[in-house]
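Okay, so here's the structure we're looking at.
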Ligand code: 3NM
């Protein structure tokens with residue numbers, strides 16, 4: 001890779017960002033991801049967390065399977081938290097939280113791969129940018145049932161505040177986002193939505209991803 005991802009390309013990848021692990025899936029994870037990709041998912045984060053999360057070889061095999069699907073679909077495959085795993089897989093990027101290794105040290109290890117950082121405040125956002133983040137994950141915007149240790153609900157106001165403070169890095173909103181909430185999240189300043197349940201728990205996964213993406217694109221203000 002010859003350089004960091006361009007912000008305008010990053011923004012497009014954030015439009016319909018599916019965060020997924022085996023724990024979130026009612027059906028076979030690879031089926032869920034295939035359907036979500038068919039619906040126009042723009043980026044995938046492998047997040048194998050929770051009580052019944054896979055570990056060791058089964059986890060690695062699943063990661064490889066999902067990575068292949070992303071590769072064929074031509075979209076980035078991002079690994080949550082685990083820098084070692086991301087490097088072993090030669091993933092397209094890593095997403096880290098505030099409790100994980102610091103962003104500057106992750107940046108040093110991953111070279112020009114995509115680096116996403118969760119930020120809950122303007123200060124955290126500014127620090128992440130200084131430390132080399134390519135995008136910020138901001139949430140939880142609404143109450144979520146998919147993350148046990150989620151912070152307090154922020155509401156879309158946090159997105160307005162970050163943009164008003166001059167933060168112009170690509171941002172994805174996360175936490176409790178459903179199709180009915182997409183417009184509000186994008187109008188508040190997000191470039192897209194990151195979801196678990198709105199896609200993985202949907203009866204029609206492909207249609208759910210398609211609907212969310214369309215809503216994001218329609219809600220983006222075009223100059
Ligand atoms: N991170 P759902 S909220 C993985 O606030 C994750 O940083 C969050 O799942 C954060 O779309 C969250 O089902 C869970 O609410 C998102």
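Would you calculate, for the chain, the mean residue ellipticity at 222 nm contributed by helices, counting each DSSP H stretch of 4 or more residues as -39,500 (n - 2.57) and dividing by all residues, to the nearest 500?
Numbers: 10 runs with 92 residues, N = 223.
One gets -11500 deg cm²/dmol as the mean residue ellipticity at 222 nm.
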Inset, instruction - Note down the relative contact order for the stretch 155-223 as a percent, whole number, built from C-alpha pairs under 8 angstrom at least six residues apart. - result: 33 percent
Inset, instruction - Kindly identify the stretch 26-129 as rounded, prolate or oblate by the Cα gyration tensor criterion: order the square roots of the eigenvalues as a ≥ b ≥ c, call it rounded if a/c is under 1.5, otherwise compare a/b with b/c, prolate if a/b is larger, else oblate. - result: prolate
Inset, instruction - Just check the chain against the gyration tensor rule for me: Cα atoms, a ≥ b ≥ c as the square roots of the eigenvalues, rounded for a/c under 1.5, and otherwise prolate or oblate depending on whether a/b exceeds b/c. - result: rounded
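Before anything else, pin down the relative contact order of the chain: Cα pairs under 8 Å, at least 6 apart, normalised by residue count, whole percent. Present the calculation step by step, with values, prior to reporting the outcome.
Working: 435 pairs, mean separation 53.9, N = 223.
Normalised by residue count, the contact order of the chain is 24 percent.
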Inset, instruction - Using a Gaussian network model of the chain whose springs link C-alpha atoms within less than 10 Å, name the residue from 145, 179, 122 with the highest mean-square fluctuation. - result: 145
Legend entry - FRET efficiency, residue 218 to residue 60 (Cβ-Cβ, R0 41 Å, nearest 0.05): 0.60
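Give the calculated FRET efficiency between residue 87 and residue 130 to the nearest 0.05, with a Förster radius of 30 Å applied to their Cβ-Cβ distance.
Working: r = 23 Å, r/R0 = 0.77.
After rounding, the FRET efficiency stands at 0.85.
Round to the nearest 0.05 the FRET efficiency obtained for residue 163 and residue 204 when R0 = 35 Å and r is the Cβ-Cβ distance. Mind showing how you got there, number by number?
Working: r = 33 Å, r/R0 = 0.95.
E(calc), rounded to 0.05, equals 0.60.
None of the figures in this text is laboratory data; all of them are computed from the coordinates on show. This structure is a prediction, so every number in the text was calculated from the model and none was measured. Virtual Cβ from ideal backbone geometry, glycine too; neighbours counted across all protein chains shown.
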